[in-house]
Amino acid sequence: MNQVNEILDMIGIAGRNQDGSYTRTCFSPAYFDAVEIVQNKMEELGMETEQDAAGNIRGILPGTDPSAKSILIGSHLDTVPSGGLFDGAYGVAGGLAVVQRLKEKGERLCHPIELYGFNAEESNPLGGTFGSRAVAGLISPNQPNLAQALAQYGRTVPEIMSCRRDFTDAKCYLELHIEQGDHLCNKGLQIGVVNGIVGIIRYKVTAIGHSNHAGTTMMKNRKDAMVGMAQLIVDADRCCREIDDTLVFTVGVIRCWPCSENVIPGRVECTFEMRHMDRSKTDALFQAIEKLAAQIPSVQFEIEKTIDKGSVCCDGTLMHTIETAAKMCGTTYTVMPSGAGHDANPMAHRLPIGMIFVPSRGGLSHCKEEWTDPEDLRRGVEVLYHTVLSLDAES
Ligand code: HGY
Ligand code: MN
Ligand code: MN
């Protein structure tokens with residue numbers, strides 16, 4: 001199982017920055033370098049490989065029973081800018097390590113194994129989890145501006161529509177991933193058996209005031225879009241904390257116009273993102289934000305929903321299989337939701353999903369400090385391996 005560390009180091013050759021972080025944004029040369037490394041490893045392991053128009057890579061290890069449905073394993077190979085080594089790549093490396101162990105032990109499974117390295121899971125102009133949504137057939141050809149967004153990557157809408165797969169030959173989808181939070185490490189636990197992935201709702205919020213001279217406009221006469229937006233953000237943050245301890249609210253992007261030191265901003269745009277397993281919590285926060293915005297003087301607000309990814313539940317039977325494998329491997333584990341989005345979310349719309357978490361040191365992720373101990377990485381692969389063996393033993 002130690003192979004996973006070696007395979008991760010191989011994938012980590014792609015997109016490594018001077019400061020030790022990794023940048024493999026979707027469709028970038030660095031992304032396709034990682035695809036090539038993974039494809040070579042897949043072929044070394046005797047897998048049939050193919051890339052699709054969405055930039056995904058798939059490797060297939062045939063089974064012995066032609067009627068047996070495929071066990072899908074996957075995660076993403078793209079990263080956030082200046083991200084870590086493990087987010088996404090660990091799930092692909094873990095799948096490769098499972099196949100490598102099967103080969104080394106001469107194990108031939110009845111069920112085929114299909115290993116996906118997905119593209120564009122992270123935020124991007126096409127919308128996150130793009131590669132897995134293409135495979136799951138969840139991309140609408142009528143999505144606004146899709147053709148233009150694809151054109152920048154040299155792709156067309158029909159090409160992306162052709163990435164959809166037929167799931168009648170698929171049994172389930174498994175994803176091995178770092179937790180990216182601090183629950184496991186704070187509790188001193190080794191494995192997370194994931195029971196669900198939070199819903200992610202994102203809005204573009206625009207504050208409209210009036211640009212004016214920074215020196216001659218007295219405070220009582222200002223329509224300052226920056227101050228209005230700042231007030232809404234602070235009020236929304238307070239409401240979020242009041243609604244629920246596990247409801248999260250993030251303003252990750254801010255732009256202002258005309259963006260000059262000596263001009264009162266007339267327009268400010270932000271992303272407002274909220275996440276929770278329970279839709280009523282994110283709804284409550286959104287309603288509170290609408291009310292707050294209406295009460296802020298001298299600035300108007302426009303609020304437009306840009307992403308609405310509902311939460312998904314992991315399959316109970318798969319969770320039991322993973323729990324049994326975790327016990328068999330002698331690991332300490334807990335059942336927990338995922339606060340991060342994953343490719344397992346789109347896949348959950350087409351077949352049963354299961355996820356396995358390993359600890360993130362200090363809960364850090366999406367940064368160069370992202371780290372998981374090699375022993376934890378190995379342990380996660382061990383649990384995935386035994387989960388696959390158990391699934392293969394089923395009909
Ligand atoms: O945003 C997320 O939760 C994921 O890391 N893309
Ligand atoms: Mn991520
Ligand atoms: Mn991820």
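In whole angstrom, how long is each semi-axis of the equivalent ellipsoid of the chain, when you take the square root of 5 times every eigenvalue of its Cα gyration tensor and sort them from largest down?
Numbers: eigenvalues 338, 101, 76 Å².
For the chain, the ellipsoid semi-axes come out as 41, 22, 19 Å.
Return the long-range amide H neighbours of Cys110 (sequence gap of 5 or more, or a different chain), with a cut-off of under 5 Å between placed amide H atoms.
Distant-sequence amide H within range of Cys110: Thr64.
Working from Cα positions, state the angle (0 to 90°, nearest 10) between the long axis of helix 225-243 and the longest principal axis of the chain.
Once rounded, the angle reads 50 degrees.
Which of the lysines could be linked to Lys281 by a straight reach, that is with a Cα gap under 28 Å, when you skip same-chain ones fewer than 8 residues away?
Within the straight-line limit of under 28 Å, Lys281 reaches these lysines: Lys187, Lys204, Lys291, Lys305, Lys309.
In square angstrom, what is the accessible area per residue of the chain with a 1.4 angstrom probe?
Spelled out: the 1.4 Å probe surface of the chain, per residue, equals 43 Å².
Measure nothing but the geometry: give the 0 to 90° angle between the long axis through the Cα atoms of 29-44 and the longest principal axis through the Cα atoms of the chain, rounded to 10°.
The two axes meet at around 10 degrees.
Per residue and in cubic angstrom, what volume does the convex hull of the Cα atoms of region 199-309 have?
88 Å³
Measure out, as a whole number of angstrom, how far apart the alpha-carbon centroids of region 189-226 and region 361-395 sit.
That distance is 36 Å.
Among Asp19, Asp33, Asp87, determine the one that fluctuates most according to a GNM of the chain built with springs between C-alpha atoms less than 10 Å apart.
With Cα springs under 10 Å in the chain, the top fluctuation among Asp19, Asp33, Asp87 is at Asp19.
When the accessible area of region 199-309 is computed with all protein chains present and a 1.4 Å probe, what percentage of it is carbon and sulfur?
Heavy-atom surface of region 199-309 belonging to carbon and sulfur, 1.4 Å probe: 53 percent.
Mind checking which lysines have their Cα closer than 24 Å to the Cα of Lys105? Skip sequence neighbours fewer than 8 apart in that chain.
Partners found: Lys41, Lys69, Lys171, Lys327.
For a test of the definition: using alpha carbon positions, the gyration tensor, and the 1.5 limit on a/c, classify region 58-108 as rounded, prolate or oblate.
Values: a/c = 4.62, a/b = 2.08, b/c = 2.22.
It is oblate, given that a/c is not under 1.5 and a/b is not larger than b/c.
Any idea what the relative contact order of region 199-309 is, in percent, if you count C-alpha pairs under 8 Å spaced at least 6 apart?
Normalised by residue count, the contact order of region 199-309 is 46 percent.
So what is the relative contact order for the chain, in percent, with contacts set as C-alpha pairs under 8 Å and at least six apart?
23 percent.
³J(HN,Hα) across region 338-345 via Karplus (A = 6.51, B = -1.76, C = 1.60, θ = phi - 60°), whole Hz, x for Gly/Pro?
9, x, 9, x, 8, 5, 5, 5
Can you tell me the 0 to 90 degree angle between the C-alpha axis of helix 374-393 and the longest principal axis of the chain, rounded to 10?
Roughly 60 degrees between the two axes.
Starting from the alpha-carbon convex hull of region 1-76, give the projected area averaged over all orientations, in nm².
Its average projected convex-hull area is 6.2 nm².
Could you tell me the center-to-center distance, by alpha carbons, between region 1-48 and region 250-326 in angstrom?
Cα centroid of region 1-48 versus Cα centroid of region 250-326: 32 Å apart.
Is region 303-395 best put as rounded, prolate or oblate by its Cα gyration tensor, with a ≥ b ≥ c the root eigenvalues, rounded for a/c under 1.5, and otherwise prolate when a/b is larger than b/c, oblate when not?
Oblate, since a/c reaches 1.5 and b/c is not below a/b.
The values are calculated or read from the model by the stated rules, or taken from the named source; none is laboratory data. Keep in mind that this is a model prediction, so the values were computed, not measured. Note: areas computed on protein heavy atoms with side chains; ligands, DNA, RNA excluded. Shrake-Rupley method; radii C 1.70, N 1.55, O 1.52, S 1.80 Å.
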